[in-house]
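**Q** Here it is, the structure in full.
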Amino acid sequence: MVTQVERDDMTWYSCEGCGLMFDNRDDAKRHEEHCNAEEPTYIQ
Ligand SMILES: [Zn+2]
């Protein structure tokens, strides 16, 4: 799930699974579709 975050007068979109943040909602959604949060292979 992508959550919207307000920070520094900007809106960010955060992947709830792994915590990655995007400044573009489409990028966040695209990431989420491929996110492997249940089997983390990388840590930010
Ligand atoms: Zn993710």
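**Q** How about segment 1-34: which of its residues are assigned to a loop (DSSP other than H, G, I, E, B) and either surrounded by fewer than 15 Cβ atoms within 10 Å (Cβ to Cβ) or touching a residue at least 40 places away in the same chain (Cβ under 8 Å) (or both)?
**A** M1, D8, D9, E16, G19, D23, N24
**Q** Now a separate question. Taking segment 5-23, which residues are among the acidic types (D, E) and in contact with a strand residue (DSSP E or B) (Cβ under 9 Å, 6 or more places away or on another chain)?
**A** Answer for segment 5-23, where residues must be among the acidic types (D, E) and in contact with a strand residue (DSSP E or B) (Cβ under 9 Å, 6 or more places away or on another chain): E6, E16, D23.
No lab work stands behind these numbers, since they all come straight from the coordinates. Note that this is a predicted model, so its numbers are computed, not measured. Note that we place each Cβ from the backbone using ideal geometry, even for glycine, and neighbour counts take in every protein chain shown.
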